[in-house]
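Asks: Sharing a structure here in structure tokens format.
The values are calculated or read from the model by the stated rules, or taken from the named source; none is laboratory data. Everything quoted here is computed from the prediction, not taken from an experiment. Neighbour counts are summed over all protein chains in view; Cβ atoms, including those assigned to glycine, are modelled from backbone coordinates with ideal geometry. Please note that ligands, DNA and RNA were not included when accessible areas were found on the heavy atoms of the full protein model with its side chains. Shrake-Rupley method; radii C 1.70, N 1.55, O 1.52, S 1.80 Å.
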Amino acid sequence: MATAVQFDKVGGPEVLQVREVEVGDPGPGEVRIRVDAIGLNRSEVQFREGVYLYQPKFPSGLGYEAAGVVEAVGPDVSNVSPGDVVGVVPAFLLTEYGTYGDHVLVPASATVARPAGISAEKAAAVWMAYLTAYGAIVEDGHTRSGDHVLITAASGSVGHAFIQTANHIGAIPIVTTRTAEKKKRLLDHGAAEVIVTDEEDLHTRIDRITGGAGVRSAFDPIAGPGVEQIARGIAPGGQLVVYGALDPRTTPLPNAQSFPPLRTRTYTVFEVTAAAERLSRGVAFVNAGLTSGSFDPIIDKTFDLADIADAHRYLEANGQVGKIVVTVRH
């Protein structure tokens, strides 16, 4: 028997239950992993609440990321073997697989070798964040060395990955946070400039920082009406990439008569993880950054698997700077 986190109805953290389950042997294309650490993501909160891209099927598991050791492989699996130390990347539906457990089944195609010298906790904090940033900045190809880029809601793990990825390619990361309490930590973690949106006008600060030129790219996980304010700070020919929906209100398409010509698009990490060639390039890019020291996942706090509801409450409080990781005892 194994331990897994499941829920039987949508709702708050209290719906999460730690249960004994039968995992079984991996089927075709699957692997069974002994999990050592799990990375938490905002999308998992939305899935639990029933406001994600798709709805859960009950009883439902959840979890996109983990680090652990392969215990068994199913038929037709050739990329990993029992005993391999791996990470799990977000390359599946939460209605089909999940990583919140001590032993889990996942697609073999969603596993990557754990980089040498990286702890399980840090390995569980890598792939969602850095592959998201890689796809939006590098694979997309619009952002160049020397460009100013705007990264909103930057205090979470994905925001930090965007900061480090921008620095890695020579771009200049301007980031936003609502309150001043996180400003110093964001500067310490690589932001070139921090705009405190509760105290400063976003467009005025962007204009001052860029000498009136505007940013080349803006990366926004919030969406909602705020995209119009962001669009005002983008240079002609620049782009706005919306990669989340933290604000559930309608997101207006910036009016072409009110703003300079710009490219707008939505984006998810699945653009990278669902395509083998893109995923391979992304993994190579991230591993190179980890090896060189340009990338260093920041862990804000760890929780035990038995305390998963408390971990979700902490995530929802929005006080973290970096990744929240759940550790698994064996």
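Asks: Every residue in segment 304-329 that is outside any helix (DSSP H, G or I) and open to solvent by 30 Å² or more (accessible area, probe 1.4 Å), please.
Replies: 304, 317, 318, 319, 327, 329
Asks: Being under 20 Å from residue 122 (Cβ atoms) and under 20 Å from the mean Cα position of the chain (by Cα): is that true of residue 40 here?
Replies: Answer is yes for this residue.
Asks: Related question: Are there any pairs with C-beta distances below 7 angstrom linking a residue in segment 310-327 that is on the phi > 0 side of the Ramachandran plot to a residue that is surrounded by fewer than 21 Cβ atoms within 10 Å (Cβ to Cβ) and assigned to a strand (DSSP E or B), with the two at least 6 apart or on different chains, and if so which?
Replies: 322/299; 322/300
Asks: Which fully enclosed helices (runs of 4 or more DSSP H) of segment 169-287 have 2 or more residues being without any contact (Cβ under 8 Å) to a residue 24 or more places away in the chain?
Replies: Correct list: 183-188, 202-209.
Asks: Which pairs have Cβ atoms under 9 Å, sit 6 or more apart or on different chains, and link a residue in segment 98-122 that is part of a loop (DSSP other than H, G, I, E, B) to one that is of a type in the set (S, T, N, Q) and open to solvent by less than 10 Å² (accessible area, probe 1.4 Å)?
Replies: If the second residue must be of a type in the set (S, T, N, Q) and open to solvent by less than 10 Å² (accessible area, probe 1.4 Å), the pairs left are 98/60.
Asks: When you go through 154, 171, 245 one by one, which is the residue that is surrounded by 19 or more Cβ atoms within 10 Å (Cβ to Cβ), small (Gly, Ala, Ser) and at pLDDT below 90?
Replies: Being surrounded by 19 or more Cβ atoms within 10 Å (Cβ to Cβ), small (Gly, Ala, Ser) and at pLDDT below 90 holds for just one of 154, 171, 245, which is 245.
Asks: Within segment 73-92, can one find any residue that is on the phi > 0 side of the Ramachandran plot and either in a loop (DSSP other than H, G, I, E, B) or open to solvent by 10 Å² or more (accessible area, probe 1.4 Å) (or both)?
Replies: Yes: one or more hits.
Asks: Go through segment 56-72 and give me each residue that's open to solvent by less than 50 Å² (accessible area, probe 1.4 Å) and part of a strand (DSSP E or B).
Replies: First, pick out the residues of segment 56-72 that are open to solvent by less than 50 Å² (accessible area, probe 1.4 Å): 56, 60-70, 72.
If the condition is that a residue be open to solvent by less than 50 Å² (accessible area, probe 1.4 Å) and part of a strand (DSSP E or B), then 60, 66, 67, 68, 69, 70, 72 are the ones that fit.
Asks: Can you pull out every residue in segment 134-151 that is crowded, with 21+ Cβ neighbours inside 10 Å and assigned to a helix (DSSP H, G or I)?
Replies: 134, 135, 136, 137
Asks: List pairs: first in segment 8-33 and within 27 Å of residue 314 (Cβ to Cβ), second of a type in the set (S, T, N, Q), Cβ under 6 Å, 6+ apart or cross-chain?
Replies: 17/6; 19/6
Asks: Sticking with this one: When segment 114-133 is examined, which residues are found to be within 16 Å of residue 291 (Cα to Cα) and of a type in the set (Ser, Thr, Tyr)?
Replies: Answer for segment 114-133, where residues must be within 16 Å of residue 291 (Cα to Cα) and of a type in the set (Ser, Thr, Tyr): 119, 130.
Asks: Test residue 114 against the stated conditions and say whether it is open to solvent by less than 50 Å² (accessible area, probe 1.4 Å) and of a type outside the set (Val, Ile, Thr). Before you say what the answer is, go through the steps one by one.
Replies: Numbers: open to solvent by less than 50 Å² (accessible area, probe 1.4 Å): no; of a type outside the set (Val, Ile, Thr): yes.
So residue 114 does not fit the description; no.
Asks: Still on this model: Provide a single number: the residues in segment 1-55 that are of a type in the set (A, V, I, L, M, F, W, C) and either outside any strand (DSSP E or B) or open to solvent by 60 Å² or more (accessible area, probe 1.4 Å) (or both).
Replies: Count: 11.
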